[in-house]
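Report on one structure; see the data block that follows.
The values are calculated or read from the model by the stated rules, or taken from the named source; none is laboratory data. Values in this document were obtained by computation on a predicted structure and should not be read as measured data. Note that each Cβ is placed from the backbone with ideal geometry, even for glycine, and that neighbours are counted across all protein chains shown.
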Amino acid sequence: MVKQTIQIFARVKPTVRKQQQGIYSIDEDEKLTPSLEIILPRDLADGFVNNKRESYRFKFQRIFDQDAKQETIFENIAKPVAESVLAGYNGTIFAYGQTGSGKTFTITGGAERYSDRGIIPRTLSYIFEQLQKDSSKIYTTHISYLEIYNECGYDLLDPRHEASSLEDLPKVTVLEDPDQNIHLKNLSLHQAATEEEALNLLFLGDTNRMIAETPMNQASTRSHCIFTIHLSSKEPGSATVRHAKLHLVDLAGSERVAKTGVGGQLLTEAKYINLSLHYLEQVIIALSEKHRSHIPYRNSMMTSVLRDSLGGNCMTTMIATLSLEKRNIDESISTCRFAQRVALIKNEAVLNEEIDPKLMIIRLQKEIQELKDELAIVTGEQRTEALTEAELLQLEKLITSFLEDQDPESKLEVGTDMRKIHHCFHYLKKLLNDKKIHRQSTAPSENKDQNCREPLKEEEYKKLRDILQQRDNEINILVNMLKKEKKKAQDALHLSSVDRSQLSHGQSSPFPPGNPDGPKTLPFSASTQALDSSTSPYRSSLLHRKTGMREEMSLGRQEAFEIFKRDHADSVTIEDNKQILKQRFAEAKALGESINEARSKIGRLKEEITQRHVQQVALGISENIPVPSMPDQLEEKLRSQLEEEKRRYKTMFARLKALKVEIEHLQLLMDKAKVKLQKEFEAWWAKEATSLQVNSPAVTPSNHVKPFPQMSEAQHERSQPLSNKSDVYARKILPSPGPLLHSQEQSSPGAPMENSIPERPVSSVPLTGDSQTDSDILAFIKARHNILQRTAGLRCSTRDGPFPLWHAES
Ligand code: ADP
Ligand code: MG
């Protein structure tokens, strides 16, 4: 058992403006615990908490200032936790801080650069690396990803659901068993055999989370996300399994609102926006107070899920993320205060070991077999499952002669075979029963019957019956266990079959065809499996989601999307990443070729060595001199060359593996960025469509077209000269469908239609919002317009109507 208080760390987010100095200072001189001092600017100090206090000092295990790299954060905070998880203890790392202070950046990582990857991908990398190194145990890794919003849990990884809103995701509920263990119903667990598979799951979950977020639910700010790595390990042949869980938690923004009408006392009166953070605080207060017997875990889902992490069987670490700008001072102080409380909580982590019933059955079966074998040796008889006909016949003969034998000392000798003993008893019982029935019908004599019984046999019979009973019980237990296991296996099979259905999207490997399949003699061929394993289903499900959306788009919309994409702020990142990806691909390809070369060289060298060896031996024989005791110079040289080449191969192979992880990560970042882009485009499109319907259509559509959101200043300027072009394009693409229908209504019934195709649309047909219906409406309007125009053209010879829109599309 390891007793430990929750470790607290602080991380200060880089400030945008540099002149924010003087707000805080970090004191690391103190040998034991470093401290963070937050200094209140004078203007803020007035009317704030307590006028006399101008600075606050908080102690942390370590404080990471603005320039701390993700790598440093991982090494110092996450790695020790990952190590204890590998040793079999539960671990939790949670980030706490106001929105925008860097929780997601710290836990998951930035969306742009590979170097910005956060604790989750780095921990996965580390764990899988360690698992590969340790061949003394058999490990299994599962991943789950839970989002808690508004006291409801959602499974971010269920592959059966194409989520477009939070409600589409399967709801997860908390169940508590009689032993007060928490179970999460509906939260799917996915086995991840490699780092790549686990990474894909992370990105799948993040993408689901992003897609489910709306301006209304503000999920990224208001929800908690718990990414869990479930690790189990056992030694080969042992039935004892160790389970450890690592929760990596990105909490909701900790910002609070002040109670209105209360001046001054802002900090003490401030209330969480997020109710479950309030309950988290309650739990933490309860835990940090001595002699509190009741801890209100049950009040909220999050505290139930994290029950072990808070004051329980877990090694827990908190990262307080701080955005130390002037306007955030009060939130930063709250965060630090919270951390100080957390630091008082004591946890007791124990090794979670249990006997795996499946393994137990296997072991018992093995034991039975061994006993049978032993028995066969002792009795000198090979045993089959059932007694043979001949054996049965022989037994019956024995019983008959035993019964007929008048000698009171006579014995029924059937040996030590329990089956034979059982059979004798059954046979005797049957005989007895038959006799009883016979007696009953022919006035039986009790005395005689009693005389037949031998008290000694009775005792033996009872003993054997007890043994029989025990065996029956054992068999029942085993059968039950087997049933349970079978069910589990079926469930797992079901899950995996669902997973497999996602696999349909194949993905071309980013690696050159000359993939390094290590020569068999090299000791690291196992690792090639990791390289060769094809992309997991989860990534393809990400891609599927993306393309699925594209397929529904009309041509015009696709075109609009292309332009939207071009002008989007993220496109720079996507482009950058594309370039980096290209470089990495090229590098991987070159490396792949070098590896192949090295491999053939290794082959050649080996052949040369063998040849040389054979030559030497042959020479020895033909000249009749013994094989030289001095080592052959040339062979030595060849051998050292071989070693050198093997080393080179190994280095390149390791590099290729690292490259693969990086490429995978970059691809996932890009996929995610693309999905995000798509989502924003859909939102923009919908908004434009409604605003066009609401606004008076007398205004030219170009007047409504707002610049694309998220366009950076520079990009906006860049796109200015194009404004004319974009007007045309906007007119062309925007779903302003209805001029014709309405123009028809507008033309008074008296006025003949053929004379009055209006110059300008006057109103529009409302769209339904359902894409299929809307495109049908548009198609109808278009067709109608074409016909009308053709008629009008015939009559007025004005073929060129006022609606370039339709021509452009037809
Ligand atoms: P939170 O999850 O706490 O709301 P985020 O992690 O989303 O905050 O951070 C807000 C923004 O600040 C993001 O754009 C993120 O990339 C950036 N950011 C946060 N921390 C850092 C850091 N240490 N270095 C660089 N950028 C950061
Ligand atoms: Mg966040």
Problem set entry | Only one of ASP491, ASP449, ASP434 that is in a helix (DSSP H, G or I), more than 30 Å from SER188 (Cα to Cα), at pLDDT below 80 and among the acidic types (Asp, Glu) | ASP449
Problem set entry | Unmet criterion (only one of (1) of a type in the set (Val, Ile, Thr); (2) within 16 Å of ligand 1 (Cβ to nearest atom); (3) over 15 Å from the mean Cα position of the chain (by Cα)) for VAL174 | (2)
Problem set entry | Residue ID - modelled with the highest pLDDT, chosen from residues in the range 266-294 that are over 30 Å from the mean Cα position of the chain (by Cα) and among the β-branched types (Val, Ile, Thr) | ILE285
Exercise. Are any residues in the range 91-118 within 13 Å of ligand 2 (Cβ to nearest atom), under 30 Å from LEU351 (Cβ atoms) and not small (Gly, Ala, Ser), and if so, which ones?
Worked result: PHE94, TYR96, THR106, ILE107, THR108
For this session: Filter the helices (runs of 4 or more DSSP H) completely within the range 265-353 down to those with at least 2 residues that are surrounded by 21 or more Cβ atoms within 10 Å (Cβ to Cβ).
Result: 275-288, 301-305, 329-342
Problem set entry | Residue list for the range 55-90, restricted to those being at positive phi and within 16 Å of ligand 2 (Cβ to nearest atom) | none
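Tell me whether the range 370-383 contains one or more residues that are touching a Lys or Arg at 6+ places or on another chain (Cβ under 8 Å), among the small types (Gly, Ala, Ser) and surrounded by fewer than 19 Cβ atoms within 10 Å (Cβ to Cβ).
So far as the range 370-383 goes, yes, one or more of its residues are touching a Lys or Arg at 6+ places or on another chain (Cβ under 8 Å), among the small types (Gly, Ala, Ser) and surrounded by fewer than 19 Cβ atoms within 10 Å (Cβ to Cβ).
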Seminar exercise, completed: Given (1) surrounded by fewer than 24 Cβ atoms within 10 Å (Cβ to Cβ); (2) part of a helix (DSSP H, G or I), GLN180 misses just (2)
Problem set entry | Answer from LYS397, LYS411, LYS420 - the residue that is part of a helix (DSSP H, G or I) and farther than 24 Å from ARG471 by Cβ | LYS397
Exercise. Is it true that LEU146 is more than 17 Å from ILE77 (Cα to Cα), more than 15 Å from the chain's Cα centre (by Cα) and more than 9 Å from ligand 1 (Cβ to nearest atom)?
Worked result: no
Problem set entry | Failed criterion for ALA590 (all others in (1) touching a residue at least 24 places away in the same chain (Cβ under 8 Å); (2) hydrophobic (A, V, I, L, M, F, W, C); (3) out of contact with any Phe, Trp or Tyr (no Cβ under 9 Å at 6 or more places or on another chain) hold) | (1)
For this session: Within the range 210-222, identify whether any single residue is away from ligand 1 (no atom under 16 Å from the Cβ), in contact with a helix residue (DSSP H, G or I) (Cβ under 8 Å, 6 or more places away or on another chain) and either within 30 Å of LYS366 (Cα to Cα) or among the charged types (D, E, K, R) (or both), and answer yes or no.
Result: no
Exercise. Does ALA339 fit the bill of being within 16 Å of ligand 1 (Cβ to nearest atom) and of a type in the set (A, V, I, L, M)?
Worked result: yes
Exercise. Taking the range 88-109 only, how many residues are of a type in the set (Ser, Thr, Tyr) and under 21 Å from ILE329 (Cβ atoms)?
Worked result: 4
Exercise. When only residues in the range 242-264 that are away from ligand 1 (no atom under 16 Å from the Cβ) and at pLDDT 90 or above count, which is surrounded by the most Cβ atoms within 10 Å (Cβ to Cβ)?
Worked result: LEU246
Exercise. Can you name the residue in the range 108-133 that is surrounded by fewer than 17 Cβ atoms within 10 Å (Cβ to Cβ) and more than 16 Å from ligand 1 (Cβ to nearest atom) and, of all such residues, is farthest from the chain's Cα centre (by Cα)?
Worked result: LYS133
Problem set entry | Residue within the range 149-159 that is within 16 Å of ligand 2 (Cβ to nearest atom), touching a residue at least 60 places away in the same chain (Cβ under 8 Å) and over 30 Å from ASP576 (Cα atoms) present | yes
Exercise. Which of the residues belonging to the range 212-259 are in a helix (DSSP H, G or I) and more than 16 Å from ligand 2 (Cβ to nearest atom)?
Worked result: none
Exercise. From the list LEU157, LEU202, which residue is within 16 Å of ligand 1 (Cβ to nearest atom), outside any strand (DSSP E or B) and either of a type outside the set (Ser, Thr, Tyr) or touching a strand residue (DSSP E or B) at 6+ places or on another chain (Cβ under 7 Å) (or both)?
Worked result: LEU202
For this session: Filter the range 384-420 down to the residues that are among the acidic types (Asp, Glu) and surrounded by 10 or more Cβ atoms within 10 Å (Cβ to Cβ), then identify the one that is modelled with the lowest pLDDT.
Result: ASP417
Exercise. How many residues does the range 51-107 contain that are among the β-branched types (Val, Ile, Thr) and more than 9 Å from ligand 1 (Cβ to nearest atom)?
Worked result: 7
For this session: Would you tally the residues in the range 128-162 being farther than 20 Å from ALA198 by Cβ and among the hydrophobic types (A, V, I, L, M, F, W, C)?
Result: 2
